[in-house]
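Structure first, then comments.
Computed from the coordinates by the stated procedures, all read-outs in this text should not be read as laboratory data. What you see is a predicted model, and the numbers here were worked out from it, not measured in a lab. With ideal geometry, Cβ positions are generated from the backbone for all residues, glycine too; neighbour counts draw on all protein chains shown.
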Amino acid sequence: MQNLEFRCELRDPEMAMAALLRAGATPLTTLEVRDTYFRVPSGVFKKREAPDEPVEYIFYDRRDRLSPHLCQFTVYDEAQMRLRYGRTDPPTWRVVTKTRVALMRANVRIKLDEIDGLGQFCVFEAAISRVHNVARCHENIGELRHILGPTLGEPVTGTYADMLDALEPERHHCS
């Protein structure tokens, strides 16, 4: 699967939520999420766990940029992951815990994340399809950035695990 992604700091989650609801975004869920990032030779591979949700293994490959960028990803269930990667998990790199509020507007999944040890972030993931080509996905993300205006902070790059690693290389390390 492929999407267009953009991530930035979130200055005011309450104001952002109000603006999104006024703009017609549909609330989807609020989750407590635990992502375990694994050491892999290339790309990013993580295990996602959330109460009352099936465990997912997500592999993605993207060029990290401060502007919206393409991301190729595959989501595996436990059985699919074991067939592809073996009986045991790869070595653990980091564990990231977060509270995520997810909304949807057009083809864009909006994630308002509170990351333990990092702060607040907003993520836009625009699903690319025949109806929503890359250009339309850029437009949809641009509209959301305009709608949220001053509630958004600086664009960020990398994963939350990368950000934690840069902040405190040893504190969150897992073996």
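With R₀ fixed at 30 Å, the C-beta to C-beta distance from Asp52 to Ala135 puts the FRET efficiency at about 0.20. Placing dummy labels 7 Å off each Cα toward the beta-carbon, the span from Leu21 to Arg84 is 3.7 nm.
The charge dipole of the stretch 2-167, taken about the Cα centre with unit charges on the Cβ atoms of Lys, Arg (+1) and Asp, Glu (-1), comes to about 500 debye, rounded to the nearest 20. Taking a span of 20 Å or more along the helix axis (Cα atoms) and a mean Kyte-Doolittle hydropathy of at least -0.5 as the rule, the DSSP H helices of the chain that qualify are 134-148.
With 0.36 nm allotted per residue and the present C-alpha distance subtracted, the Glu143-Gln72 stretch has 23.3 nm of extension available. Rg/Rh for the stretch 1-74 to two decimals, with Rh computed the Kirkwood way over all alpha-carbon pairs. Looking at the stretch 1-74, the ratio lands at 1.01. Given in Å, the Rg to one decimal and the Dmax to the nearest whole number for the Cα atoms of the chain are 16.1, 47. Distant-in-sequence amide contacts of Trp93, defined by a placed amide H-H separation under 5 Å and a gap of 5 or more residues or a different chain, comprise Tyr37, Phe38, Arg39.
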